[in-house]
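Data first, discussion second: the structure below is written as structure tokens.
The values are calculated or read from the model by the stated rules, or taken from the named source; none is laboratory data. Please read these numbers as outputs of a predicted model, since none were measured by experiment. Every residue, glycine as well, gets a Cβ built from its backbone with ideal geometry; the counts of neighbours run over all protein chains shown.
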Amino acid sequence: MSETTNNNKKTYFVTGGGTGGHIYPAVAVGMALQKEADTNKVFYVGNPDNLEKKIAEDKVFDFLGVNITGMPKTCSFDFVKWSFKLLFATVKSMGYIVKYRPNLIFGTGGYVSAPMLFAGILTNTPVVIHECDAVAGKVTKLIAPFAKSVSCAFESATENIKSNNLHVNGNPVREEFLSIDRYHARQKWNLKDKLTIMVMGGSQGAKKINSVLVQCLKKIFKKYDVQIIHQTGLKNYDETVKELKKVYPVYTENSQYIVRPYFKKMYLPMIASDIAVSRAGSLSISEICVSGLASVLIPYPYAAADHQRKNAKEMEELGASLYLDDADCTPEAFMEKLEEVINNTQKMIELQNNAKKLVKYDATKNIVEQIKAVVK
């Protein structure tokens, strides 16, 4: 027997996962929907083995698990196995729809969202999707013609999307990033009020960026009075520290150089910084912009549909970032790009201001209005 909604109140399914770039925009919209007076319940649908389960449950969503992995890139036996996984996950998603009868399904793309979005179309449940990247992903392109409404973070993403109801809203901004300024963020971390550089690889970490930074540390600290905050990613932390002790034997952690596998409150080190060196996932870019950072973007070369390179190029064209190709990311090239910002205060301020201009503070509100226009 299905579980009915409370009177005329609305029930929503929110889905998106695999990486932070798909999870946090979905969470931001889900949290905003929870606050609406006519909302009954918001469920988060994702892979129980992925990051989204913990994040969703921390935000007090009821979590519905669907087991699915990324699509193999070649037509092989693995692709056949994956096709059956997708079929079973879609059937399971249809079961959730029958049981909880959502008024609408909201998805942020990525392979994790595919089964529930397909199930929504097959059961004639209204679907709204949001594309986080500068180029539309496979799931977005497949679902868009059948979705009631489509939201995009970047104008450039609209080029390959077929929809009669398309809006460019920007990416949702997490409220934490608006809760503190740079001075107070540095106070919380006992950092000095001087030039601060954040080096990170997104939610997955970045082995190459970690290694190149470690090789440059001695030179950076010899030439410049700066402090560096370094997020290695969980799986790369031990290897990075091992290399650090080998390359930089006198290293002892202090406020000049802080290295961690990850930061639970990511907004604090980002807002405390002036410059970011990062991969170019949509989440990293959104948080760089809202934190008002000058940045050097080094896109992950194997991202689906090469979306990170396109994100980074878009930022470069908008005058909001410097670009460094992963294949060219040697210690020498890394230093050259970093010094292009450190040695030119006017350039740094220009990049910071242009990044801030790209922030759409009302993105979450506009996406919620877009959703409510469908279910009214």
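A few remarks follow.
- Selection status of GLY170, part of a loop (DSSP other than H, G, I, E, B), closer than 28 Å to ALA312 by Cβ and touching a Gly at 6+ places or on another chain (Cβ under 6 Å): no
- Every test in (1) under 23 Å from GLU332 (Cβ atoms); (2) without any contact (Cβ under 8 Å) to a residue 40 or more places away in the chain is passed by VAL168 save one, and that test is (1).
- Residue count for the stretch 337-376 under the criterion of being among the small types (Gly, Ala, Ser) and under 17 Å from PRO25 (Cβ atoms): the result is 1.
- Residue count, the stretch 315-350 (criterion: over 23 Å from ALA206 (Cα atoms) and either buried (at least 20 other Cβ atoms within 10 Å of the Cβ) or in contact (Cβ under 8 Å) with a residue 60 or more places away in the chain (or both)): 1
- Residue check for SER295: of a type in the set (S, T, N, Q) and either modelled with pLDDT of 95 or more or not assigned by TED's automatic domain parsing to the domain that holds GLU350 (or both): yes
- Residues of the stretch 313-324 that turn out to be assigned to a helix (DSSP H, G or I), at pLDDT 95 or above and either over 17 Å from SER291 (Cβ atoms) or assigned by TED's automatic domain parsing to the domain that holds ALA157 (or both), as a count: 3
- Single residue of the stretch 150-161 satisfying the filter (of a type outside the set (A, V, I, L, M) and in contact with a strand residue (DSSP E or B) (Cβ under 9 Å, 6 or more places away or on another chain)) that is nearest to MET315 (Cα to Cα): PHE154
- Just one of the listed residues (SER163, SER151) is in the same structural domain as ILE55 (by TED's automatic domain parsing) and either among the aliphatic types (A, V, I, L, M) or in a loop (DSSP other than H, G, I, E, B) (or both), and it is SER163.
For (1) of a type outside the set (Val, Ile, Thr); (2) surrounded by 24 or more Cβ atoms within 10 Å (Cβ to Cβ), each residue gets a yes or a no:
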| residue | (1), (2) |
| --- | --- |
| ASN124 | yes, no |
| VAL127 | no, yes |
| VAL139 | no, yes |
| PRO145 | yes, no |
| LYS148 | yes, no |
| CYS152 | yes, yes |
| ALA157 | yes, yes |
| ASN160 | yes, no |
| ASN164 | yes, no |
